[in-house]
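Written out below as C-alpha cells is the structure these notes cover.
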Amino acid sequence: MDTGVLLAGIPLASPVTLLSGCVGFCEDLMRLEGFDFSSVGAVFLKGTTLEARRGNPPPRIAETHGGLLNAIGLQNPGARHVVDTILPAIQHLPTRLIANIAGSSVEDYREVARIFDDSPVHGMEINISCPNVKEGGAAFGSDPRVAARVVETVKQSTSKPIITKLSPNVTDIGLMARAIIDAGTDAISAINTVMGMAIDLENRRPVLGNGQGGLSGPAIKPIALLAVWRIHQVAGPKGIPIIGQGGIITGRDAMEFILAGASAVGLGTSLFRNPLASSEVLSEMMTWLRHYEADHFDQIRGTLAWPE
Ligand SMILES: Cc1cc2nc3c(=O)[nH]c(=O)nc-3n(C[C@H](O)[C@H](O)[C@H](O)COP(=O)(O)O)c2cc1C
C-alpha cells in the first residue's frame, strides 16, 4: 500500500508528522531505542525566532481534563544557531525537516525565513499565533490582513514551500484561510492551541507562570475537526493541502481528520505519553483504508458526508 503523500511539493513517506514544540530538535527521539524516523512523514522543528529566547517563567505546563495547557514562550536558541549548529546534526535523518518560524514583527519573520532559506530544511511553517509587538500586541493570527502580510513577506524571502499554521482563536477560520491562500501559502496547518487558563484555588492565582496558555490534546479535537472541515471548503478547491492536528491519539482520530479534508496529520501532545505513537497511528490508518476499500488516503480525503 502506498502511504506517501505530496505536501506542497514535498514528498512525505507517510501522512503522519510530528508537531512543532513537541519533539524539540529531535534530540530525545534520536536517543530513543526503536524510533523509526523513516516512518514519519516530517518533523516540524521547535518554533524559532531571530534572537534566542529564554521563554516564560515556570510553571510552563499544566495538565487539564483531556488536555495540556502550555505557555513555553517560544524558548529557542535563535535561527542562526539552529542553522549552524543543530541542523548539521539532524539533516541526515530519513524524514523531512520543516522549520517552524516565529517573530514579533513582520521584519522578524522575513529575517528568520532568509536564514532558513539557506539551510537543508525542506520547508517552513509560519507560526502566526505570536503577539505583534510593533502593532499593539494582538496576535498576527487573528487579523487576516496582518496574517496575509506575514505570508507574503515570508514567500518573498524563500524559494522553499511555506505552510501557514492557523490559530483557532478567531471568529471565522475560513476567512483566515482565504487570506493566507491569497497571500501565497503552499499549505495550511490547523490547528494551533486554544487559549485557556487553569486556576490554583489555594493561592488564587493562575497555575501557569504566564497566566494564560495554549490548550492542546484530546480536549481540542472537536474544535480542530470543525476547523479543518471549514478550511477544506476554502482550500480544497484551490488544491492547498491541510495538515490536520489537535488532539490526535489514535489512527481512528487521524482518519477523522482525513475525512474532514486533511492530506496529512500531526501528533503533538500524544507524544509526551507515547513517543512511538507515529508508527501505531500509521498502521491503524492503513487498517481504516482497507476498511474503506481504498488504496490511498487521497481517495478518502474530504469525503465526509455533511448533512444537507
Ligand atoms: C509544549 C508545546 C509546545 C508547542 N510549541 C509550539 C511551537 O513552538 N510552535 C508552534 O507552531 N506550535 C507549537 N505547539 C502547538 C503544537 O505544534 C500543535 O499544533 C498543538 O499542540 C495541537 O496538536 P496536539 O493537540 O496534537 O498537541 C506546541 C504545543 C505544545 C503542547
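The values are calculated or read from the model by the stated rules, or taken from the named source; none is laboratory data. Here the structure is a predicted model, which is why all the values come from computation and not from measurement. In this analysis, Cβ positions are derived from the backbone assuming ideal geometry, glycine residues included, and neighbour counts consider all displayed protein chains. The accessibility values were calculated without ligands, DNA or RNA, using every heavy atom of the protein model including side chains. Shrake-Rupley method; radii C 1.70, N 1.55, O 1.52, S 1.80 Å.
Couple of notes before you dig in:
- Where the Cα pairs of region 56-139 fall when distances are cut into 10 Å bins, in %: 15, 39, 33, 14, 0
- Accessible area of the chain belonging to carbon and sulfur atoms, whole % at 1.4 Å probe: 51 percent
- Max mean-square fluctuation residue, GNM over the chain, Cα-Cα springs under 10 Å, options 131, 57, 218: 57
- Taking label positions 7 Å along the Cα-Cβ direction at both residue 118 and residue 276, the computed distance is 4.2 nm, reported to one decimal.
- From largest to smallest, the equivalent ellipsoid semi-axes obtained for region 24-90 from the alpha-carbon gyration tensor read 23, 20, 9 Å.
- Coarse-grained scattering of region 140-189 at q = 0.15, 0.19, 0.29 Å⁻¹, given as base-10 log I(q)/I(0) from a Debye sum over alpha-carbon atoms: -0.32, -0.51, -1.13
- The residues of the chain present an accessible area of 45 Å² per residue when probed at 1.4 Å with all protein chains retained.
- Sparse-neighbourhood loop sites, GluC sites (Glu not before Pro) in region 1-107 - DSSP loop, at most 11 other Cβ within 10 angstrom: 33
- Gap separating the Cα centres of region 191-266 and region 107-126, nearest whole Å: 24 Å
- Spin-label pair residue 203-residue 290: with each label point 7 Å from Cα along the Cα-Cβ axis, the two points sit 5.1 nm from one another.
- Taking the Cα atoms of the chain, the ratio Rg/Rh between the radius of gyration and the Kirkwood radius comes to 0.94.
- Subtracting the Cα-Cα distance of residue 107 and residue 195 from 0.36 nm times their residue separation leaves 29.1 nm of extension gain.
- Helix content alone sets the calculated 222 nm mean residue ellipticity of the chain: runs of n ≥ 4 DSSP H residues at -39500 (n - 2.57) each, divided across all residues, give -8500 deg cm²/dmol.
- The simple Förster model, with R0 at 25 Å and r as the Cβ-Cβ distance, assigns residue 152 and residue 212 a FRET efficiency of 0.25.
- For residue 121, the shell of other residues with beta-carbons less than 12 Å away shows a net charge of -1, using +1 for Lys and Arg and -1 for Asp and Glu.
- With at most 12 other Cβ atoms within 10 Å, longest stretch of the chain clear of loop trypsin sites (Lys or Arg not before Pro) (DSSP): 55-203
- For region 209-295, applying the loop criterion from DSSP together with a ceiling of 16 other beta carbons within 10 Å to the GluC sites (Glu not before Pro) yields 293.
- For region 113-207, radius of gyration divided by Kirkwood radius, i.e. Rg to Rh on alpha-carbons: 1.08
- Once both labels are positioned 7 Å from their Cα atoms along Cα-to-Cβ, the gap between residue 92 and residue 252 label points is 4.1 nm.
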